[in-house]
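Only one structure is covered here, and it is reproduced in the block below.
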There are 2 protein chains.
Amino acid sequence: MTQSHLPETIVGILQELKSSEKEFLALHEPSFQMNEWNYVKECLDTGWVSSVGKYVDQFESMLQEYTGAKRAVAVVNGTAALHISLLLVGVQANDEVLIPSLTFIATANAVSYCGAIPHFVDSQERTLGLDSGKLSSYLEEIAVVRPEGCFNKHTGRRIKAVVPMHTFGHPIELDTLLEVCERYQIELVEDAAESLGSYYKGKHTGNWGKVSALSFNGNKIITTGGGGAILTNDQKLGEMAKHLTTTAKIKHQWAFIHDQVGYNYRLPNINAALGCAQMESLSFFVEQKRRLAERYKDVFAKIPGVTFFTEPPFAKSNYWLNAILLDEAMTCYRDELLEVSNKAGVMTRPVWSLLHELPMYKQCPKMDLSVALSLEKRIVNIPSSSFLGERSC
Amino acid sequence: MTQSHLPETIVGILQELKSSEKEFLALHEPSFQMNEWNYVKECLDTGWVSSVGKYVDQFESMLQEYTGAKRAVAVVNGTAALHISLLLVGVQANDEVLIPSLTFIATANAVSYCGAIPHFVDSQERTLGLDSGKLSSYLEEIAVVRPEGCFNKHTGRRIKAVVPMHTFGHPIELDTLLEVCERYQIELVEDAAESLGSYYKGKHTGNWGKVSALSFNGNKIITTGGGGAILTNDQKLGEMAKHLTTTAKIKHQWAFIHDQVGYNYRLPNINAALGCAQMESLSFFVEQKRRLAERYKDVFAKIPGVTFFTEPPFAKSNYWLNAILLDEAMTCYRDELLEVSNKAGVMTRPVWSLLHELPMYKQCPKMDLSVALSLEKRIVNIPSSSFLGERSC
């Protein structure tokens with residue numbers, strides 16, 4: 001194989017997962033094969049589709065049981081979960097919040113909704129997530145800890161929190177980051193939008209920070225149509241999460257009293273019903289996705305110029321979205337690969353544009369981002385629907 | 001009847017709508033009797049439950065056709081619709097936005113999300129909505145128009161917009177307000193959360209301001225579980241509404257480029273599916289609700305001390321949520337009425353606490369609010385589910 005055949009070679013591998021010539025392989029399709037219709041139909045039959053109904057409580061309990069978090073609060077989407085998580089750890093207007101540049105736009109937008117400023121951190125090739133070691137060295141240079149918290153010496157602003165994102169479901173190195181957080185008095189909020197079903201050193205992601213955010217968008221490992229959740233092991237923060245996401249209304253038999261500016265972020269019961277049924281299949285989805293990843297690992301091992309991304313040694317990952325990394329010398333073939341594969345009915349996509357390069361975040365503070373810049377050119381996501389795990393047995 | 005029997009008399013009237021002793025009469029229950037099951041099941045069968053799928057487009061078209069607005073953009077709830085509507089007319093941090101004190105908390109919260117300040121306006125007994133005449137006199141005192149817009153002489157802040165809410169579905173007097181808006185260069189955003197199916201002088205509410213917001217929460221005349229929409233007759237604003245509510249992502253075959261801070265406010269396809277089926281029943285719901293209102297009007301006409309609220313002369317209302325107004329002398333019986341009726345399985349509720357009295361909005365500017373203060377003590381909402389219209393034939 002000459003290198004110029006790389007796109008065709010990769011597309012050929014992916015096409016083997018198709019069950020027919022005509023099938024379109026999406027990047028990630030949901031599977032509804034259990035109680036989804038039963039539960040949703042029950043909502044319609046009883047009329048409980050909206051803010052009242054049993055499925056929201058049940059969904060929260062199931063999330064708690066699965067993740068081990070003491071409290072889960074279901075919300076309308078992952079962005080809302082991130083927004084409230086930041087408020088819960090005390091992020092205020094004009095604070096800085098450390099986030100990777102290589103993440104979905106929601107991480108930065110949630111910071112903006114608080115009136116705070118994203119401060120971009122580099123990523124690590126081994127995890128695709130925030131590089132805790134590099135962050136540590138960087139903070140030594142630019143940060144100073146005072147009784148009121150950690151401050152950026154250059155901007156004078158408080159650095160209140162750090163929001164690592166577990167990219168494609170792969171946990172970042174949390175131990176190092178927890179040390180950094182303690183040393184610099186920075187709050188840890190995990191963006192676990194992609195990592196339901198993923199464990200760091202045997203404990204579920206989203207349990208390591210003070211609060212964390214999950215997402216159940218249509219392309220996630222489980223979906224509620226649109227939805228998300230806040231996880232925390234602090235019961236008081238959990239109560240506050242519920243309060244803030246339900247318009248900060250004080251419980252009363254009939255009166256409408258709200259004690260602060262709150263949000264209409266509650267998850268409707270009909271979406272939670274879908275979530276309950278999906279949670280029943282989650283362990284199965286993780287198994288299937290890990291099986292698909294095994295197959296990808298084997299076949300890509302034989303292809304020079306490209307590496308299939310595997311979980312870091314300290315993690316058990318949900319392999320939510322599979323990714324290959326092109327060698328630096330192969331990045332010139334990326335766009336051709338994207339074009340050829342999508343034309344052939346095999347959906348692939350590049351990673352997100354780096355956030356520090358978008359117009360609204362161009363002026364934000366940042367460290368050296370050389371690894372993120374390299375990864376951006378090299379990552380290509382490939383079909384990851386859980387049912388493809390069956391075909392790869 | 002002595003006046004002290006007023007609560008029992010009212011509860012007696014309401015109980016006649018029960019079909020059995022044991023039935024609980026909710027304030028407002030949705031009805032799913034048409035294609036709700038079919039459309040929702042189709043979403044599950046095809047896997048299109050989330051951000052992609054035909055029902056969002058279809059729901060938006062149906063809303064356009066019904067309301068006559070050129071563009072409807074479906075969003076995750078009415079609060080989100082209000083938030084984006086305010087951004088679309090140019091509300092910025094530190095602006096003042098005129099809103100009634102007698103409205104649901106979302107109106108004020110949406111102003112807060114923009115970093116702007118609610119400025120509370122009194123209500124009119126004939127409409128239960130913002131008093132345009134009183135606002136006009138008030139602005140003569142406190143406002144000054146400069147080339148950059150209208151300013152509050154006392155606070156120095158710009159008064160950018162006014163957000164009347166069509167309370168319980170009854171349209172406010174829009175002609176007077178439009179004159180005020182033009183004279184003072186203030187943008188009109190209608191909070192039409194409660195008034196889908198209501199017309200002012202023959203034209204649907206939500207068509208009079210530059211943009212407006214609808215809600216499809218579980219208790220509304222139609223429901224999507226949770227949902228809302230932005231209406232506008234300005235195609236450019238409509239495009240911008242869609243852009244801002246879908247993370248401000250620029251259309252591209254695969255790249256993730258966002259050109260400003262956007263929001264994750266899109267309505268999931270599964271909720272839109274429910275909305276499509278509900279829209280098919282909307283005209284029927286309005287008929288049923290108007291029939292129920294006719295019955296209430298007749299029976300309450302015979303009860304001294306209380307008035308059933310009827311649509312203003314210039315309006316055709318959806319009678320979303322029926323309300324009775326106690327005479328001033330009868331307000332001492334309000335809490336007893338609420339207690340007796342709810343105990344008897346007939347749900348009633350008072351109106352919202354006035355927003356200018358809540359802790360987070362206490363310091364906001366306000367005009368004399370004597371009518372709102374009176375209405376707050378006198379309004380009691382009574383069961384309004386559309387199917388009760390059948391029982392009142």
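Copy-to-copy spacing for B:T46, label 7 Å out on the Cα-to-C-beta vector, in nm, shortest first?
So the distances to the same position in the other copies read 2.9 nm.
Between A:R183 and B:C332, with labels modelled 7 Å along Cα→Cβ, what's the label distance in nm to one decimal, could you check?
Each label point lies 7 Å from its Cα, and together they span 7.1 nm.
Sort B:I222, A:I13 so the one with the fewest other Cβ atoms within 10 Å of its own Cβ comes first.
Final ranking by Cβ density, sparse to dense: A:I13, B:I222.
For peptide B:72-84, how many partner chain Cβ atoms fall within 10 Å of a residue's Cβ, on average?
2
At 222 nm, what value in deg cm²/dmol follows for chain A if DSSP H runs of at least 4 each add -39500 (n - 2.57) and the sum is divided by all its residues, to the nearest 500?
After summing the helix terms and dividing by the residues of chain A, the value is -11500 deg cm²/dmol.
For peptide A:51-64, how many partner chain Cβ atoms fall within 10 Å of a residue's Cβ, on average?
Mean shielding by partner chains, rounded to a whole number: 1.
Taking the stretch A:1-105, which GluC sites (Glu not before Pro) meet the DSSP loop condition and have no more than 13 other C-beta atoms within 10 Å?
Those satisfying the criteria are A:E16, A:E21, A:E23.
Of all beta bridges DSSP finds with both residues in the stretch B:36-279, what is the antiparallel percent, to the nearest 5?
60
Kindly give the distances from B:S4 to its copy-mates, label point to label point, with each label point 7 Å from Cα along Cα→Cβ, as nm values to one decimal ordered shortest first.
10.1
Using the Cα centre of the protein assembly as shown as the reference point, and only Cβ charges (+1 on K/R, -1 on D/E), how large is the resulting charge dipole? Debye, rounded to the nearest 20.
Charge dipole of the protein assembly as shown: 140 debye, to the nearest 20.
Only Lys, Arg, Asp and Glu count, each charged at its Cβ (+1, +1, -1, -1), so figure out the dipole size of the stretch A:183-340 about its Cα centre, rounded to 20 debye.
Using only the charged Cβ atoms, the result is roughly 620 debye.
What's the exposure ranking of A:S112, B:S85, B:S386, going from fewest to most Cβ atoms within 10 Å?
The fewest-first ordering by Cβ neighbours comes to A:S112, B:S386, B:S85.
Distance from the Cα centre of the stretch A:145-163 to that of the stretch B:87-117, in angstrom?
Taking the Cα centre of each part, the stretch A:145-163 and the stretch B:87-117 sit 31 Å apart.
From zero outward in steps of 20 Å, how is the percent of C-alpha pairs of the protein assembly as shown spread across the bins?
Bins of 20 Å from zero give 16, 47, 29, 7, 0 percent of pairs.
Around A:G12, with a cut-off of 13 angstrom between Cβ atoms, what is the net charge of the other residues, counting Lys and Arg +1 and Asp and Glu -1?
Summing Lys and Arg as +1 and Asp and Glu as -1 gives 0.
Once the Cα atoms of the stretch A:136-256 are picked out, what are the Rg and Dmax in Å?
Every Cα atom of the stretch A:136-256 included, Rg and Dmax give 17.2, 55 Å.
Only Cα pairs under 8 Å and at least 6 apart count here; give the relative contact order of the stretch B:240-393 as a rounded whole percent.
24
Normalised by the residues of the stretch B:36-279, what does the relative contact order come to in percent, with Cα pairs under 8 Å and at least six apart?
28
Once the label point is set 7 Å along the Cα-to-beta-carbon vector, what list of distances in nm do you get between A:A93 and its counterparts in the other copies?
Here the equivalent label points are 0.5 nm apart from this one.
Shielding of A:272-283 by partners, i.e. mean partner chain Cβ atoms within 10 Å per residue?
1
What is the dipole size for the stretch B:36-279, taken about its Cα centre, with +1 at each Lys and Arg Cβ and -1 at each Asp and Glu Cβ, in debye to the nearest 20?
For the stretch B:36-279, the charge dipole is close to 500 debye.
Where the centre of each part is set by its Cα atoms, how far does the stretch A:42-70 sit from the stretch B:187-213, in angstrom?
34
Tell me the Kirkwood hydrodynamic radius of chain A in angstroms, computed as one over the mean inverse distance between distinct C-alpha pairs.
21.7
Read-outs throughout are calculated quantities, based only on the coordinates presented, and are distinct from any laboratory measurement. Computed from a predicted model, the values in this text were never measured in an experiment. Cβ: placed from backbone, ideal geometry, glycine included. Neighbour counts: every protein chain shown.
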